[in-house]
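Before any comments, here is the structure.
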Amino acid sequence: MISSLRILALVLAAWLPTHTLAGTPAKQLFGAMRAGSDQTASAYGGYAGGCQAGAVQLPESGETWQAMRLSRNRNWAQPETIAFVQRLSRKAALQPGWSGLYIGDMSQPRGGPMLSGHRSHQTGLDVDIWMLPADNLSLSRRARENLSSISMRRAGGAFVNNDWTTAHMEILKAAASDKAVARIFVFPGAKVWMCENATGNREWLRKIRPWYGHHYHFHVRLACPTDAQGCTDQAPPPAGDGCDGAQSWVDDILHPPPPNPNATPSPPRAELTLADLPNQCTGVLSSQ
């Protein structure tokens, strides 16, 4: 049965003029789509302001991965992202205690803003990978709804906890060493631990960026494919391994600066509308 939200989106895309659609909250339109568009695969716009055409759905299960929280229907991405997940999961399966990877949110079938959760994940080039070692790849759909990942942090993210292992670093290293990857977000304590324990060539550490949260999963962001027209890359990470910056995050966690009583609160972020997204996104919505 087609959901009422999808019927609304299809009717809007087919019948309403573009200037009317432009003011509609984009999350309602893209959140209603249950399948990818019948178009050539392409990512449009930026990670937090775009959409994706011709997305591929990651199979629910593979030899070395399982897609989690299937009810969310967020296991769609660009072909490059699907291929990356499969490559990395095979490498993860070589680690002790890991049979592969549990894959969290990727993108919606046509990308775009989500009804809940992420601000990014809009172009099919982002993927969340659970920190929980995937030791059982025969989970039922119901089990995948109820199982949760585990946190790797302690002291507010300043340090890793006892569930963190060298295998986590090896998997992150393999991800960061992949040429398709632009950057990886993880909680500051993990970055500092890797800075202190990584040996040999440390170039891969540059792509590991400390960021809020990201202790139940790490977030991999792929670069725009080389032939993508209309896809906007994020600025590359600064030169160097980024370890000094990670330590400053940890210092702020342990000794937070006093609040500024004169600080002006940041206004809430405005809802993205279709007018805020690349022009191609209107065609992505209206495509079969």
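Pairing each residue of the range 249-271 that is outside any loop (DSSP other than H, G, I, E, B) with any residue that is charged (D, E, K, R), provided the two are 6+ apart or on different chains, yields C-beta distances under 9 Å for Trp249/Lys191; Val250/Lys191.
Among what's in the range 230-281 and is under 30 Å from Trp193 (Cβ atoms) and small (Gly, Ala, Ser), pick the residue that is surrounded by the most Cβ atoms within 10 Å (Cβ to Cβ). By that ranking, first place goes to Ala246.
For the range 89-119, taking the residues that are part of a strand (DSSP E or B) and either under 11 Å from the mean Cα position of the chain (by Cα) or of a type in the set (D, E, K, R) (or both), the one that is farthest from Asp178 (Cα to Cα) is identified as Ser107. Of the numbered conditions (1) modelled with pLDDT under 95; (2) under 20 Å from Gln95 (Cα atoms), Gly156 satisfies every one except a single condition; which is it? Of everything listed in (1) modelled with pLDDT under 95; (2) under 20 Å from Gln95 (Cα atoms), Gly156 misses just condition (2). The condition (being modelled with pLDDT of 95 or more, assigned by TED's automatic domain parsing to the domain that holds Ala182 and crowded, with 21+ Cβ neighbours inside 10 Å) is satisfied by just one residue among Ala92, Ala48: Ala92. Screening the range 84-126 for residues that are free of Cβ contacts under 8 Å to residues at least 24 places away in the same chain and among the small types (Gly, Ala, Ser) and picking the one that is nearest to Leu222 (Cα to Cα) gives Gly117. Of the residues making up the range 113-155, those that are among the basic types (Lys, Arg) and over 15 Å from Arg72 (Cα atoms) are Arg119, Arg153, Arg154. Of the residues contained in the range 160-173, none is found to be within 21 Å of Leu254 (Cβ to Cβ) and in contact with a Pro (Cβ under 7 Å, 6 or more places away or on another chain). Being crowded, with 24+ Cβ neighbours inside 10 Å and not acidic (Asp, Glu) is a property that holds for Arg74. Counting only residues that are charged (D, E, K, R) and over 22 Å from Gln229 (Cβ atoms), which one in the range 244-283 is modelled with the lowest pLDDT? Among those residues, the one meeting the criterion is Arg269. Kindly indicate the residue of the range 107-144 that is surrounded by 22 or more Cβ atoms within 10 Å (Cβ to Cβ) and out of contact with any Gly (no Cβ under 7 Å at 6 or more places or on another chain) and also nearest to Glu170 (Cα to Cα) among those meeting that condition. By that ranking, first place goes to Met131. Please verify whether the range 80-88 includes one or more residues that are part of a loop (DSSP other than H, G, I, E, B), touching a strand residue (DSSP E or B) at 6+ places or on another chain (Cβ under 8 Å) and of a type in the set (A, V, I, L, M, F, W, C). No: zero hits. Pairs are defined by a Cβ separation below 9 Å, a sequence spacing of at least 6 or placement on different chains, a first member in the range 229-248 that is over 24 Å from His121 (Cα atoms), and a second member that is in a loop (DSSP other than H, G, I, E, B); the pairs so defined are Asp241/Ala198; Asp241/Arg202; Cys243/Arg202; Gly245/Pro238. The set of residues in the range 149-167 that are β-branched (Val, Ile, Thr) and either outside the structural domain of Tyr102 (by TED's automatic domain parsing) or in a loop (DSSP other than H, G, I, E, B) (or both) comprises Ile150, Thr165.
The values are calculated or read from the model by the stated rules, or taken from the named source; none is laboratory data. Just so it is clear, the model here is predicted, and its values are computed rather than measured. In this analysis, Cβ positions are derived from the backbone assuming ideal geometry, glycine residues included, and neighbour counts consider all displayed protein chains.
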